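The values are calculated or read from the model by the stated rules, or taken from the named source; none is laboratory data. Please read all numbers here as calculations on a predicted model, not as lab measurements. Virtual Cβ from ideal backbone geometry, glycine too; neighbours counted across all protein chains shown.
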Amino acid sequence: MATSRARDELAPPSDLGTDAVRDIPAALSALLADVFALYVKTKNFHWHMSGPHFRDYHLLLDEQSDQIFAMTDPIAERARKLGGTTIRSIGHIARQQRLLDNDAEFVDAQDMLAELQSDNQQLTREMRQVHQLCDEYGDVATASLLENWIDETERRTWFLYESTRRRLNSET
């Protein structure tokens, strides 16, 4: 009863309907967990980068982590604008994230970039699914935000791919 009352007190009015107000914030919450997981992994790899292309990769990952972090507040606020709630703690993130952590002591620079490329591709797929949900409910505002983030994520994927191509070509 208290949970329902608290949720009602937090919920602003929305014309999207009960199902949309339930489903879209839930999808955004899971997306936010993935974004935080990707942010931390990108910073982890940024901090632990080494090798002959250290400076270039270190700066690339710093730029990408800033871009990823910039998504967090708009995602959370969009869930709240719709009348939902969002993540509340590191534990909540861990329970909802779909992207895997990497706690390895050492990861080769090329492997870091390849793993981040794969994670960004997975994030793109997750965002497309949320976009599809928004389309079903007529939530054009959230869909519009997602379109920009999808484009940014595809750009990160492209840069990571291009940064690993030399290795792939030199192995043949």
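Pairs, please: C-beta under 6 Å, at least 6 apart or cross-chain, first residue in contact (Cβ under 8 Å) with a residue 24 or more places away in the chain and in segment 64-92, second part of a loop (DSSP other than H, G, I, E, B)?
Note: pairs meeting the criteria are Ala76/Thr86; Ala79/Thr86; Leu82/Ser14; Gly83/Ala11; Gly83/Pro12; Gly83/Ser14.
Against the conditions (1) under 25 Å from Val21 (Cβ atoms); (2) exposed (fewer than 15 other Cβ atoms within 10 Å of the Cβ); (3) without any contact (Cβ under 8 Å) to a residue 40 or more places away in the chain, where does Ala104 fall short? Just the number, please.
(1)
Within segment 127-172, restricting attention to residues that are modelled with pLDDT under 95 and not polar (S, T, N, Q), which residue is nearest to Gln67 (Cα to Cα)?
So the residue we want is Arg165.
Scanning segment 107-151 for residues that are among the small types (Gly, Ala, Ser) and more than 29 Å from Val21 (Cβ to Cβ), which turns out surrounded by the most Cβ atoms within 10 Å (Cβ to Cβ)?
Ranking the candidates gives Ala109 first.
Just checking, does segment 107-130 include any residue being part of a loop (DSSP other than H, G, I, E, B) and either free of Cβ contacts under 8 Å to residues at least 12 places away in the same chain or aliphatic (A, V, I, L, M) (or both)?
Yes, that holds for at least one residue.
Looking at (1) assigned to a loop (DSSP other than H, G, I, E, B); (2) of a type in the set (Asp, Glu); (3) farther than 13 Å from Ala33 by Cβ, find the lone condition where Asp101 falls short.
(3)
Being in contact with an Asp or Glu (Cβ under 9 Å, 6 or more places away or on another chain) and of a type outside the set (Ser, Thr, Tyr) narrows it down to one residue among Leu32, Leu28, Leu82, Leu60; which is it?
The conditions single out Leu82.
Kindly check whether there is at least one residue in segment 77-85 that is within 20 Å of Val35 (Cβ to Cβ), of a type in the set (A, V, I, L, M) and in a helix (DSSP H, G or I).
yes
What number goes with the only condition from (1) in contact with a Pro (Cβ under 9 Å, 6 or more places away or on another chain); (2) part of a helix (DSSP H, G or I); (3) within 19 Å of Leu123 (Cα to Cα) that Lys43 does not pass?
(1)
Right, Thr72: over 18 Å from Tyr161 (Cα atoms) and at pLDDT below 95 or not?
So Thr72 does not fit the description; no.
Do any residues in segment 4-33 that are closer than 14 Å to Cys134 by Cβ and surrounded by 10 or more Cβ atoms within 10 Å (Cβ to Cβ) have Cβ atoms under 9 Å from those of residues that are modelled with pLDDT under 90 and of a type in the set (S, T, N, Q), where the two are at least six apart or on different chains, and which pairs are they?
Hits for this filter: Ala20/Ser14; Val21/Ser14.
Would you call Arg128 within 15 Å of the chain's Cα centre (by Cα) and either among the aromatic types (Phe, Trp, Tyr) or under 27 Å from Leu59 (Cβ atoms) (or both)?
no
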